[in-house]
1. So which of Glu89, Glu40, Glu96 ends up being within 30 Å of Leu3 (Cβ to Cβ) and either at pLDDT 95 or above or hydrophobic (A, V, I, L, M, F, W, C) (or both)?
2. I'd like the full set of residues that are out of contact with any helix residue (DSSP H, G or I) (no Cβ under 7 Å at 6 or more places or on another chain) and acidic (Asp, Glu), limited to region 114-172.
3. Could you tell me whether Ala122 is open to solvent by 20 Å² or more (accessible area, probe 1.4 Å) and modelled with pLDDT of 95 or more?
4. Inside region 54-101, can you point out the residues that are within 24 Å of Ser167 (Cβ to Cβ), charged (D, E, K, R) and either open to solvent by less than 30 Å² (accessible area, probe 1.4 Å) or in a helix (DSSP H, G or I) (or both)?
5. When you scan region 119-141, how many residues do you find that are among the hydroxyl-bearing types (Ser, Thr, Tyr) and over 18 Å from Asp211 (Cα atoms)?
6. Quick one: in region 125-178, which of the residues that are touching a residue at least 40 places away in the same chain (Cβ under 8 Å) and part of a loop (DSSP other than H, G, I, E, B) is surrounded by the fewest Cβ atoms within 10 Å (Cβ to Cβ)?
7. How about region 14-53: which of its residues are surrounded by 15 or more Cβ atoms within 10 Å (Cβ to Cβ), part of a helix (DSSP H, G or I) and at negative phi?
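The values are calculated or read from the model by the stated rules, or taken from the named source; none is laboratory data. Since this is a predicted model, take the numbers as computed values, not measurements. Neighbour counts run over all protein chains shown; Cβ positions are idealised from the backbone, glycine included. When the accessible area is computed, the model is the full protein with side chains, heavy atoms only, and any ligands, DNA or RNA have been set aside. Shrake-Rupley method; radii C 1.70, N 1.55, O 1.52, S 1.80 Å.
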Amino acid sequence: MELKNAVAVVTGANRGLGRQLAAQLIERGATVYAAARRPETVDLMGAIPLRLDVTDEESIRAAARIASDATLLINNAGVSTGARLLAGEPAAVRQEMDVNFFGPLAVTRAFAPVIEANGGGAVLNVLSVLSWMHPAGLGAYSAAKAAAWALTNASREELAPRGIAVSALHVGYMDTDMAAAVPADQKADPAEVAAQALDGIETGLPEILADETTRYVKSTLATAPNAA
């Protein structure tokens, strides 16, 4: 997909990776709706602030009406509560699924007809190495990202006949607020990750693996899990 003159909607665009994606899209010549629950927090020159809460269906429908010229959707908004699946608070586990799985699903359902009506385009889902690796301490996040990986693969097949390509971005820790407690030498630069993601969209990659850890974990999926 050619990004110059594309019209992109980026969820969670007010900070972190989402802000980098929005900024680099503008640099590449795209029009960008920078979506956030609080659009007043979007401070990116050249972006169009857009109110969008991925857990609020009416908010999503309103955003799709406003961004009716969209040709690219980037489902970036996410949350990590650190909840375990068995010992964690059920509300926290549910929040992870609501934001990281049901949110992208609802936004994609709303924007797919918009993108199709505008001649086709693409969807990028920001996932994680934890789509495939599931540590107990991040059980809720891992489960939600694994579900979002399934969403990505199924929607790719469903949307292809409608002229919409679907890609997944998988990455480990990035230097963002979500990974603030992780040592700096273990985190990727979100600017570099964003550049890889946008290059992947332009070349039509179905999966974009943004770091060595992610590439290694993907390569081991056929192996049996370690016994406890």
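1. Result of the check over Glu89, Glu40, Glu96: Glu40.
2. Glu157, Glu158
3. No.
4. Of everything in region 54-101, those that are within 24 Å of Ser167 (Cβ to Cβ), charged (D, E, K, R) and either open to solvent by less than 30 Å² (accessible area, probe 1.4 Å) or in a helix (DSSP H, G or I) (or both) turn out to be Glu96, Asp98.
5. Going through region 119-141, the residues among the hydroxyl-bearing types (Ser, Thr, Tyr) turn out to be 128, 131, 141.
Next, from what is left, pick out any that are over 18 Å from Asp211 (Cα atoms): 141.
The number of residues fulfilling the criteria is 1.
6. Filtering first and then ranking leaves Gly163.
7. Selection gives Leu17, Gly18, Arg19, Gln20, Leu21, Ala22, Ala23, Gln24, Leu25, Ile26, Pro39.
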